[in-house]
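Presented below is the structure to which this report refers.
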Amino acid sequence: MTVPSEEFELLLIEDSPGDARRIEGMLGDAETLLERVGASSGLRLHTERTLAAGIDRLAESDIDVVLVDLSLPDSEGLETLTAIVDAAALVPVIVLTGPQDERVGVEAVERGAQDYLVKDEVTSELLVRSIHHAVERNRQERERARRHDQLEALNDLTPGLMDAESAAA
């Protein structure tokens, strides 16, 4: 999760130059998004046209959110999402679909995407809200996992403590 004063880095994996420009335009005034996610030094948008280039970018940059079209030249459908989740399991993913692929968007959420947006229906406000919610849900999931691990560790200690207490009595 981005900490205040850090740059917010968003990766867009989209092979259509027109769709990429449209998303970039929606993020043009990113002040609202930056306020919502707690970043204060700007938005950096990385755009890649293929899954392979997107995965390379994930490996070399500290990406906060991935926006991905599931129809790419080198990958199609939910396999695209699976590859991204495998490459960066802790980074929230928002799937971009066409109007005919809404069912695939729902299935993508069931398989690990934080959200899906229908490209022809997305607005700047909807995009900002979706990114904000994806980041926040991801933060909450990581915090829940951290607390679960702490409870598991405490639970593992409890029998030993009880045995030591019984032996001392």
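Some notes on this structure:
- A cut-off of 5 Å between modelled amide H atoms, ignoring neighbours fewer than 5 places along the same chain, links Ile13 with Glu48, Leu67, Val68, Asp69.
- Dipole of region 8-168, positive direction: furthest Cα of Ala87, Gly54, Thr123, with charges on the beta-carbon: Thr123
- From the alpha carbon centroid of region 77-111 to that of region 117-139 is 14 Å.
- Placing unit charges on the Cβ atoms only, positive for Lys and Arg and negative for Asp and Glu, gives the chain a dipole magnitude near 280 debye about its Cα centre.
- Between Gly25, Gly77, Gly54, the Gaussian network model of the chain with springs among Cα atoms under 10 angstrom shows the greatest mean-square fluctuation at Gly25.
- Amide H to amide H distances under 5 Å link Leu117 with Val95, Leu96, Thr97, where only residues 5 or more positions off or on other chains count and H is placed in the peptide plane.
- Size descriptor, Kirkwood hydrodynamic radius, that averages inverse alpha-carbon separations across region 8-168, Å: 17.1 Å
- Between the residues Ile23, Leu154, Ser75, the greatest Cα displacement towards the positive end of the dipole of the chain, with unit charges on the Cβ of Lys, Arg, Asp and Glu, is found for Leu154.
Values in this text are rule-based calculations from the coordinates and carry no lab data. Since this is a predicted model, take the numbers as computed values, not measurements. In this analysis, Cβ positions are derived from the backbone assuming ideal geometry, glycine residues included, and neighbour counts consider all displayed protein chains.
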